[in-house]
Each structure stands twice: as structure tokens, then as C-alpha cells.
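Taking it in order: structure first as C-alpha cells, then the write-up.
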Amino acid sequence: MATLKDVAERAGVSIATVSNCLNNTKSVKPATRTRIMSVIEELNYIPNASARNLKSETSREIGVVFPDIDDSCHSDILKGIISRAESMDYSLNISFSYHTPKLERKIIDQLIGRNVAGLILISCQPDNVEYFQNSIIRHNVPAVFLEHFPDSIDANFLAFDNYNSCYYLTKKLIENGYTNIKLMIGHSEFFTERECLRGFSDAHDDLGLDFSMNQMIETRFTTESAFRKAMFNIVEEPPQAIITSSYPLAKGIIEAFNLCSIKVPKDTCIITLGEESWNESNYLPNLIHTSRTAHTMGIRSIDVLMKNLHEPAFFEKEFMLFKDNVIGSHLNIPKAPVPYHSVRTPKRTLRIIATSMPTILSLHAVSREFERQHEVKIEFDFVSYRELIETIVSDSKREKGRYDIYMFDVSWLTYLANLDVLTDITELMTSNELFSKHLVPKNLANACYKGRFYGFPIVGGSHILFYRKDLFEQPTIQHQFESLYNMPLRPPKTWKEFNGIAQFFTKKYNPYSPTLYGTSIIGSVNEEFALELQIRLWSFGGGLFDSSGRLKLDTPQNVKALQSLLDTAMYTENGISDTSINSSFYDFGSGRTAMLLSFTEYGTLINDCLHGDIITKIDYSMVPGQTPANVGWHMGISRTTRHTELIANYFKWICQKQTSYYMTTLNGQSTVLHPYENQEILRLYPWMKLNTKCFEKARNRIYPYQSAERIIPPYEIETILQDVCQKAYRKELTVQDALRQAEKRIQALFK
């Protein structure tokens, strides 16, 4: 067990200096502090842990660490713990990790440092066996794990017998004629969730039904995650029955079903593992729940811990599974419903052409409610970025266009307005207070050209820098960086600093780097690459135009900017053209890259790689140079549509508070203000807090668009910009020659 003296000797400082560093009693030089914290991490030193051996300092405090209090099961367990502890001469120190592994580790370390008598915990990271071995077991802290158990750890474990519960429920459903059953669980690497799946699959096998892994839906342990899974994976073809491993998951499914007019249990029977209670109003109506003895488990956890404390020498660690009272009881399962099908016969159809992105996919999902309210069918056609703008132009030339609504990028507004393909909706946007009151002002302004509105803002967000906070705050990495650059590791404020950090995190240039590459350049689509270039042009004082408004790319400022971009490309895997948004977020979330410049619209893609542990692993900052691009998408109305009034109602419906909440929860980036003021949503997507600041500094992408004979589409200019940058990257042109060639080619478009 490491001591304060061990830390001091390894760090080459005095014990007093280590104490000052830990307690902030006196200032310690940054380099020294980094070295001390690195040694503390290396030795797994926990302050005051050595006091455990001093009888005079034996604590009468029990630490209780839970992931949340929202789950009724956790709430009942905690009530049992509290009721039992009241009769004993021990106090409780109760903390919540909010499903955040780093916060959980910090809480446990602090409790051990306080020399608590023991711990009772429901861990959100039971797979982190090494941590529990080095903290709880190594420091000889009596502990009782509930529900989630780290494999191969010599500690007490209490849980519910989820295997037999799910086996019994599945068997009852099959015996009652159900043939299409799904199971929704949390992370399958957790013991309780694995047991649910095992019971579910064994019941199918024993009763002669085929079991497929497609019947299992895995999600995070939150209502929001279950809601997303249901909206995107279940509501189109709901099964006859769904079993969930916890009440929060059942709530998420029912919220989605209510939105989509799927009746429970008429269309789908939902059963959840629940807790015994005389008060049925604790549960949603028509939801079948089991009767687990959560309160008893809480009481028993204290009893086991006390026995462990009082008989430490010969105590045999306990492994205990609590039976669910539903087993063997009369379970009132309704008759198996016939396969679900919607009986709506819409009177009208709205056709929308769009490109696939999180906000539009979320709008597509929640629009079922609008369809039901207005007896309309909304059809989305998803096409590529380039195909979208070409289809809008060609469709607008038809006497009767195929589409009623066109989705278009903010940078296309000037081009499309001058082509006269969009309906002027100024009266709609200005006569209704709903829009001016509830839409983000910057997004609303984006839809206005020469004082007239031609679109409804549907996608907001901003251009920001994401970075791996778990790496930036790691003491050993901080020490290495400071040794190299003689400055602290922090989110970069300039492009030179950004490239320096990117080089540091690229294994080719730093063998000790924990990541393969420093960053990615999103360039698989010309428009995305143009944004990477333009934010650098602006930062260095350049741009497409000179001070007189003339096209001018060959400037010293632009030379510096392009060179900076080419330097960045040295620290990426695919250079400047082959990386898509999805792959860049996958590389970032999975730990292949340390930084990523992208849009808040796509930030939720990180969730898929991190199991929701965003708060401790990811942080965000303004882009280097403080010159983000103004980004966003609009919905424009076709000039040939016959459904203008219906579309106006659709826009108003999108502005409703609940609609904006649903869209944001489904990974969208709403242009409505309500989600930016909701603390639950900000906890899910913390980078939204930065949007307001980015909106204030964001600059518009303005392209020259009109010659004597034709109007130039933005993608033609963006294609030229990417092409010359590619040639400079391949060293076929110098940086200055690449800019000169781009200038000549763009000018040629207008001749």
C-alpha cells in the first residue's frame, strides 16, 4: 500500500510538498504538481488510506455509491439501507455517479481516503476489474456490490435472480400464444443483463421456438436511451410483447409508443422487472411489472457488511441472489395481439427531399405525431449533398414539382433565392410570434436574404472543437507535453497550438502517444472540406475576398492558412479528402484520435462509442482562432406546392416545446430555444452550452454566385477549392500556386 513518503520519494520532492499539492495549502509549481499527480496515479495512492490501520481513527461511516436515484429499484434499495442503518451506530455517506465512471472512481477514492468502515455500491463500470482490485481490494475495504459485479473480485455480491425472472416471463408469454417477443436490456457485459438474456433465450429453446439475437435490444440504462432505441428500432414493426430489465427502459418505450399511437397492451404487451409495492400508481397504467424485494436487498446489504466488519478474519464473502415474487404467481397476461399495422388512411401527402443527418432523422421519427393529428403522410426522400441541390433546381423547373419541401444548406440561400426556386414566406415568419419568440435568433436570421425569408430553420448547432478530456487531464500525458513544449496541455486557442498538440498525439511523431493520430480532417464531401479551409482563412485574416469585395485568394494570409491546413493533414490518417463525418466521430470516440473539429449537430455520434460516458471523457471548446463557420439547414417551400397552409402548421408544430425536446433527445440539434434551457437535455448534450457563444462569433460563407449568363452553384466553387488543396497536399503545386490556380479557375466560372 503506497504511502505519502513513497509518493514524495518517487517524485523527488519533500513530503510537505506532496501534502501541499494534495491539500492546496501552498502553491506548487505546475511542473512539480504534474509530476506528483503522475506518481500518485502510478502508485494508486489514496490520501489517508494508511489511517485504516490506526484503531484510534476507525471510522463509523459507511459509503454508499449509486449510479442514480431515478430508477425505482435503486430508490427502494437505498430506502432499505437507510432504514437498517438507523438502528446501528453508523452514519451513511450517500453519493451518486450519474452513470459516469470517472465520477464514480473519484467518489470511491474520496470515501476510502476518509477511511470509511465499508462500501455499498451499484457500480456503473463493473468491467473495470483492475480499478476495483487496486482500490477496494488492495486497501482491504469491506464492500458489498449490488446488481453489477466485477468478475474475479473477492467481495460480497447481492443481486436479483434475473435469469429465472426472465425465463418465467418469457415462458408465460409463449404459453399464452406470443411468438414475437423482444427483450430490452442495459449493457450486456453486466451480470444482471447477461442473466436476463440467458433466461430469455433458454425459455425460447426449451419451448421449441427459435431465438435470434435480433430479439435483443441493448441500450444504456436511461429512459432517454430506451426512447431513442424504440423510436428508431421498434415503432415501425412493434412486437407482440417486450420485456425490459428495468422500469426506466419501460418508460422510454411507452413514451415512444404514446407518440406513435401504439396502444399498450392492445398492440404490444410490455413487462418490466419491477419492485414490490402496494401502490400500483407508482407504475404507468397497462404496464405489467414483477415484484422484486428491493427494500429487503438494501436491508440485507447492511447486514452482510456488518458481519464482514465484525468478523474480518474468517468471514466468507457472500454471493446472494434474491428471488422475484412474480415467479409462481398468477400473472395476468393479456391475449396475444395480432401483428400490428397502422389503420390510418391519410388524406394528403407531404413530400420532403433532404440529406440524411441526425436532426432530420429525428424529425422523420417524431413526425408520426403530426401525421396522426393532421391525417397526412410525410414522405422523406434522402439523397446525397450534391444530388440534393441539383434535384431542388431541376424540380423547381417542373410545372408541378414532385416535392413540397426542400431542405437546403445555409450557404445555398443566396444561390437558390436568386434562381427564384423558393417561396417567399416572409409573411408567415413575421406574422406569427411563435417563430420570433422560440427560434434561436441566429438560426432565424440565417433564413433571411435581403430582408425576405425563404426558409424555416430546421438544423442549428455550431462548429466547435471536441477533445478527449480523459487524455488531456491525464497526469503522465500532461507531464510529457509540458516537458516537450514548456507549456501546459490545454484546448488549443490558435492553429499553431492545435497542430502542435495534434503532432504530440500522433504515434508516428510521438511513440508514447495513447492515440494513433492527433485529429481528422473531414473531407469526403466538398462542402465539409471547404469549412475546414474557411475557418482557417478567417483566423489568419484572409478569405475569398479582399477588403474591396473582389475575389482574391493569393494573399499572404491565405498562404499561411492553407499551409496550416496541410500541416494538420500530417497528423491524420487519411490526409484531407477521404474521411467522412461518421468515420471521424468513430475514430474520435473509440480513442484513435485526440481532437476533432466538427459540428454540434453530429456530437451525439460520440455516444455510440462511449456508452454515454461523455461528461468525463469528452470536452469541447471554441475552434482555434475563434472564427467558427455559421452552419445550419433550412426547409424551403416549393413554388408549386398546394399544401402551403399544411406546411405552415408543420413548421408551427416543430416549434412546440415537446416536439423540440423529442427531436433533441433523438440526437437532433434543434433550432428551437427550449432544449437550450432544459437541464436534463444539457446534461445529455453538454456542448450545447457553447452554442450561444459560437453563434455570436460565427461567420457566414459567402460565395460569388452570379455571372452575366448564369448563377454559379456553391459546390462548383467548393470543388475547385478542394481540388487545388489536394494538389498542394500531394506537392504537385506549391501553396501559393494552388491559391493562384483556384483564383483563376473560380474567375473563369464567371466569364
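The values are calculated or read from the model by the stated rules, or taken from the named source; none is laboratory data. Since this is a predicted model, take the numbers as computed values, not measurements. As a convention, Cβ positions derive from the backbone with ideal geometry for all residues, glycine included, and neighbour counts pool all protein chains shown. These accessible areas exclude ligands, DNA and RNA; they are computed on the full protein's heavy atoms, side chains included. Shrake-Rupley method; radii C 1.70, N 1.55, O 1.52, S 1.80 Å.
Can you tell me which condition K377 does not meet? The list is (1) open to solvent by less than 40 Å² (accessible area, probe 1.4 Å); (2) modelled with pLDDT of 90 or more; (3) over 15 Å from T640 (Cα atoms), and all the others hold.
(1)
Name the helices (runs of 4 or more DSSP H) wholly within region 317-432 that hold at least 2 residues that are farther than 22 Å from L444 by Cβ? Give the derivation first.
Values: elements: 358-374, 385-396, 413-419, 426-431.
Here the list reads 358-374, 385-396.
Kindly indicate the residue of region 663-692 that is modelled with pLDDT of 85 or more and out of contact with any Phe, Trp or Tyr (no Cβ under 8 Å at 6 or more places or on another chain) and also surrounded by the fewest Cβ atoms within 10 Å (Cβ to Cβ) among those meeting that condition.
If we take residues in region 663-692 being modelled with pLDDT of 85 or more and out of contact with any Phe, Trp or Tyr (no Cβ under 8 Å at 6 or more places or on another chain), then Q679 is surrounded by the fewest Cβ atoms within 10 Å (Cβ to Cβ).
Among the residues of region 722-735, write down those that are open to solvent by less than 80 Å² (accessible area, probe 1.4 Å) and in a helix (DSSP H, G or I).
Within region 722-735, Q722, D723, V724, C725, Q726, K727, A728, V735 qualify.
Return only the number of the condition from (1) among the hydrophobic types (A, V, I, L, M, F, W, C); (2) closer than 30 Å to G575 by Cα; (3) at pLDDT below 95 that A708 does not satisfy.
Every listed condition holds for A708 apart from (2).
Please go through region 150-159 and pick out each residue that is surrounded by fewer than 17 Cβ atoms within 10 Å (Cβ to Cβ) and touching a Lys or Arg at 6+ places or on another chain (Cβ under 7 Å).
Narrowing region 150-159 to residues surrounded by fewer than 17 Cβ atoms within 10 Å (Cβ to Cβ): 151-152, 154.
The one that is surrounded by fewer than 17 Cβ atoms within 10 Å (Cβ to Cβ) and touching a Lys or Arg at 6+ places or on another chain (Cβ under 7 Å): D154.
Do we find a residue being basic (K, R) and either open to solvent by 50 Å² or more (accessible area, probe 1.4 Å) or more than 18 Å from P492 (Cβ to Cβ) (or both) anywhere in region 541-551?
yes
This table checks each residue for (1) in a helix (DSSP H, G or I); (2) in contact with a strand residue (DSSP E or B) (Cβ under 9 Å, 6 or more places away or on another chain); (3) modelled with pLDDT under 90; (4) open to solvent by 40 Å² or more (accessible area, probe 1.4 Å).
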{"position": "T296", "(1), (2), (3), (4)": "yes, yes, no, yes"}
{"position": "I302", "(1), (2), (3), (4)": "yes, yes, no, no"}
{"position": "M306", "(1), (2), (3), (4)": "yes, yes, no, no"}
{"position": "P312", "(1), (2), (3), (4)": "no, no, yes, yes"}
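Looking at (1) modelled with pLDDT of 90 or more; (2) of a type in the set (A, V, I, L, M, F, W, C); (3) part of a helix (DSSP H, G or I), can you tell me which one I637 breaks?
(3)
Kindly indicate whether any position in region 340-350 is over 30 Å from I581 (Cβ atoms), out of contact with any Phe, Trp or Tyr (no Cβ under 6 Å at 6 or more places or on another chain) and modelled with pLDDT of 90 or more.
Yes, there is a match, as at least one residue in region 340-350 is over 30 Å from I581 (Cβ atoms), out of contact with any Phe, Trp or Tyr (no Cβ under 6 Å at 6 or more places or on another chain) and modelled with pLDDT of 90 or more.
Return the pairs, sorted by first residue and then second, in which the second residue is assigned to a loop (DSSP other than H, G, I, E, B), the first residue lies in region 550-562 and is over 10 Å from R536 (Cα atoms), the beta carbons are less than 8 Å apart, and the residues are 6+ apart or on different chains.
L551/L544; L551/P704; K552/L544; K552/D546; L553/L544; T555/G542; T555/D546
Filter region 76-131 down to the residues that are open to solvent by 30 Å² or more (accessible area, probe 1.4 Å), closer than 10 Å to I62 by Cβ and more than 32 Å from the chain's Cα centre (by Cα) and list them by number.
Within region 76-131, the subset open to solvent by 30 Å² or more (accessible area, probe 1.4 Å) is 76, 79, 82-84, 86-94, 96, 98-99, 102-103, 105-106, 109-110, 114, 127-130.
In the following step, the residues that additionally are closer than 10 Å to I62 by Cβ were identified as 88, 90-94.
The answer is M88, Y90, S91, L92.
What are the pairs, 6+ residues apart or on separate chains, where a residue within region 273-288 that is of a type in the set (V, I, T) has its Cβ under 6 Å from a residue that is at pLDDT 65 or above?
I288/I271
Hey, can you tell me all the residues within region 478-504 that are open to solvent by less than 10 Å² (accessible area, probe 1.4 Å) and either aromatic (F, W, Y) or without any contact (Cβ under 8 Å) to a residue 40 or more places away in the chain (or both)?
Residues satisfying the conditions are F481, W495, F498, F504.
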